Amino acid sequence: MNRIFFLSLVLLTGWVFGATERPNVMIVVADDEGWGDIGWNNPEVKTPNLDKLAAEGVRLERFYVNPICSVTRAALMTGMHTLRTGVENFSGLDLKYQTLPQALHDAGYQTWMCGKWHLGGDQENSLSGPEYLPTARGFDHHYGLLGGAVDYNTHRKPRTQELDWWRNGQPVEEVGYSTDLLANEAIGLMQKRDKNRPFLLYLAFNAIHGPISAPPGQTAGARGRGRETLLAAMSGLDSAVGRVVEELERQGLRKKTLIIFFSDNGGDITKGSTNLNLREGKGTVFEGGIRVPAAMNWPGVLAAGQKSEQFLCVADLFPTILDVTGVKMASPPSFDGKDIWPALKEARTTEHPVFFMGNKEIAIFRPPWKLITSRQGQGASPMLFDVVSDPSEKNDLSAQQPEIVQELTQAFQMYAKDIPQKARRGLGGTGGGAKKRPPGPQN
């Protein structure tokens, strides 16, 4: 009996030691931030804290997300393309999918979420029961909004004026600017953490999604669609990230923490955002809708000053984080995403398998090629771009490169065989009266 007890103690001690040696992971997501809404791409934007994280880490120049909010968040949580999960903005995420916080929680991580969930549990979702709340999907703690948007100061939904501000499934009436409240909660969780266990912090701001408000006391304080208000809100987000990073430093955790930053989709140009030379914006699978500012930072592990041209997508983060943390899932899913960590850690690029972005219109990537298609029968013909040489997508090469169109079309068809019928998206044909989309931007 004593021998069994001794062996059990050794195993327990080893597990605890292993858990404390694992890195913390902090995922920061901006909402509706465009390619030109970050300082490192546009000096008009004042984001010194995010710029510093990128300068001292890795700028991810080819990071792709989905064209709208929930769709990207589902890919982050599952490592699956939206074509498979079928998630849309008012659906929610089916319980059959394992999530990133569940995997890390099962491995001993403290798992916290501050911010926008948008994957179920809210009455506006078709999957609205309590089993779809963040705290039922792997998070120990959730604070923030369940739906897609709130007023930054009243925390109420713009259309219905219903309160959408929660702490662990209970509504809370609190005074304050949402960006600051989310950062405050994150800091408090770090201060009260179990120091013997690593943590996952998912900090998903509602900024700079509409209805945009500037931080209190700023001259652009009125809600609006103007660029001035958006820039003020983006600076407020940057300041909030800076305060959270300062807390990591104060607690001696910076070298033990991988920070990942990205936007959930491209900029909404109707609300003052800009995607610079990238075509179109939020809601489309052109580059302006799905190629977003992103960076990773881990002092002493990721070499500073990198500007990576590695193609990667949001679904890659789940398997990549498993590699980073050394977590082994008991029954790992067949991820659509790819573990990119070896390439990032070694400051190199690696070939990325074909991947798919979007939920209605679909972008099929086999770098440098990108094929844009529509649902079957919707009438738009495929468009093919070399997004490395033509990032503004001005030159549709589908007529000149029919073999590439066929290759990517077949790749989609092979992938679609395993997709449930109700989630399946078909390819638009080239005949039957198909029409071209509007031409790309001109010089």
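Read-outs: derived from the displayed coordinates by stated rules, not from any lab. Just so we're clear, the structure is a prediction, and the values are computed from it rather than from any experiment. FYI the Cβ positions are ideal-geometry reconstructions off the backbone, even for glycines, and counts take in every protein chain you see.
Take the eigenvalues of the Cα gyration tensor for the range 360-423, scale each by 5, and report the square roots as semi-axes in whole Å, largest first.
21, 13, 11
For the pair Asp106 and Arg167, how long in nm is the line joining their label points, each one 7 Å along Cα→Cβ?
Placing both labels 7 Å beyond Cα along the Cβ direction yields 3.1 nm.
Setting aside same-chain residues fewer than 8 positions from Lys256, which lysines have a Cα under 16 Å from its Cα?
Cross-link targets: Lys195, Lys345.
List, in the order given, every pair from Lys116/Lys255; Lys96/Lys417; Lys52/Lys255 whose Cα-Cα distance in the structure shown is over 21 Å.
Lys116/Lys255
Could you work out the local net charge near Gln110, counting Lys and Arg as +1, Asp and Glu as -1, over the other residues with Cβ closer than 12 Å to its Cβ?
+3
Could you point to the residue in Thr99, Ile68, Leu201 farthest towards the positive end of the chain's charge dipole, with +1 and -1 charges on the Cβ of Lys/Arg and Asp/Glu respectively?
Thr99
Near the amide H of Phe199, under 5 Å away, which other amide H atoms are found, from residues 5 or more places off or on another chain, if H is placed in the peptide plane?
Asn24, Val25, Gln110
So what J values fall out for the range 255-265 if you push phi through Karplus, 6.51 cos²θ - 1.76 cosθ + 1.60 with θ = phi - 60°, rounded to Hz, Gly and Pro as x?
Those phi angles translate into 6, 10, 10, 8, 10, 10, 10, 6, 9, 6, 6 Hz.
Give the long-range amide H neighbours of Ala204: residues separated by 5 or more places, or on another chain, with amide H under 5 Å away, using H modelled in the peptide plane at 1.01 Å from N.
Under 5 Å from the amide H of Ala204: Val29, Cys114, Gly115, Lys116.
About its Cα centre, how strong a charge dipole does the chain have in debye, to the nearest 20, once Lys and Arg get +1 and Asp and Glu get -1 at the Cβ?
In debye, rounded to 20, the chain gives about 460.
Along the charge dipole of the chain, Cβ charges K/R +1 and D/E -1, which of Ala315, Gly147, Thr274 sits furthest on the positive end?
Positive-end residue among those listed: Ala315.
Can you give the extra length, in nm with one decimal, that the chain gains between Glu346 and Lys195 once fully stretched, where that is 0.36 nm per residue apart less the Cα-Cα distance?
51.4 nm
Could you work out the local net charge near Val388, counting Lys and Arg as +1, Asp and Glu as -1, over the other residues with Cβ closer than 9 Å to its Cβ?
-2
In Å and on Cα atoms, what radius of gyration and Dmax does the range 14-117 show?
16.6, 51
If I model a spin label as a point 7 Å beyond the Cα along the Cα-Cβ vector, how far apart are those points for Glu174 and Phe90 in nm?
2.9 nm
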